[in-house]
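The values are calculated or read from the model by the stated rules, or taken from the named source; none is laboratory data. All figures in this text were calculated on a predicted structure; none of them were measured in a lab. Note that we place each Cβ from the backbone using ideal geometry, even for glycine, and neighbour counts take in every protein chain shown.
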Amino acid sequence: MGIATDPAKLCDLYLRRTLQDNKDTLKAHERDLRDRAQREGLTVREVWTDEASAFKAGVTREKFDKAIAAVVVGEVRHLLVWELDRLSRRGMRQVGDVLDTFEPSPRWSQGSGLTIGAMWLWQDFDHLAFDFAEGMRPTEDFRSDEQFTAVADALALEAAQHVQDIRSRFSGLDKVTECLLQRPDRSGYLWENFNAGVAAALMGQPEAARQRLQKVLDEDPMSEWIREAQQTARDVSAMAHDTLAVQEWAQTRVSSC
């Protein structure tokens, strides 16, 4: 698979060190953002890091300016930050100015694209996320109602076909498990290992389940969501030998979505 070049599939990360941060904080923030990008089906193109204060007036933040410029000119469509106050400590007015800067760009605010994905509901998130995503079509700019109507019609038909393809590919838990276990157990890809471990446990493969869930436990627990995922990994690993117990656990998680 080649490196993504479509700006719609690319993202940049912006990190800013505060006076309270230690040397490991930004590393943890970068891991969080890379995991988010992976879940959204995005490729990280650049990581911008500023060491200067975002509060003091007159301080030039070179990397901040470059990160904003990359979005404005259309090099990437997404800029991920750990929290909005990492953009600025001068209040929401300046953050709003940044958002207003992004908005007028027709290269990404007026157009279309198609991404098809699947979400494993045993994660019990309070939001939708693509755990398995494929960008099927690059963005096409809006030029006229007639032109864009044809684009929208083609997208709808293509989307319907790809949804059927995914349903066929993941028609049963056995196929889901096979697909997830084929993915490499890479460090830093917490949710890939988490989902592979849960699927294996549901299919009565306790050793494979514990192996993948251990990778989750090996991650640095620098954020609350990582610690929560690790606790769940411990719970599933402990019951992995009891397939019925795992199935009941998963059913409860799915029902709560």
Item to check | Residue among Ala238, Ala233, Ala245 that alone is buried (at least 18 other Cβ atoms within 10 Å of the Cβ) and either at pLDDT 95 or above or out of contact with any Pro (no Cβ under 7 Å at 6 or more places or on another chain) (or both) | outcome: Ala233
Checklist entry - Quick one: is Val71 among the β-branched types (Val, Ile, Thr), in contact with a Ser or Thr (Cβ under 6 Å, 6 or more places away or on another chain) and either part of a helix (DSSP H, G or I) or modelled with pLDDT under 80 (or both)? => result no
Checklist entry - Residues in region 198-209: is at least one without any contact (Cβ under 8 Å) to a residue 40 or more places away in the chain and within 17 Å of the chain's Cα centre (by Cα)? => result no
Next on the checklist: For the structure I just gave you, tell me whether Phe194 is under 30 Å from Glu140 (Cα atoms), of a type outside the set (Ser, Thr, Tyr) and crowded, with 16+ Cβ neighbours inside 10 Å.
Outcome noted: no
Item to check | Residue selected from region 248-257 under the condition touching a residue at least 12 places away in the same chain (Cβ under 8 Å) and of a type outside the set (Lys, Arg), by the criterion surrounded by the fewest Cβ atoms within 10 Å (Cβ to Cβ) | outcome: Ser256
Checklist outcome for this item: Among the residues of region 198-216, the number that are within 28 Å of Leu26 (Cα to Cα) and surrounded by 19 or more Cβ atoms within 10 Å (Cβ to Cβ) is 4
Checklist outcome for this item: When every residue in region 108-125 that is assigned to a loop (DSSP other than H, G, I, E, B) and at pLDDT below 70 is compared, the one nearest to the chain's Cα centre (by Cα) is Phe125
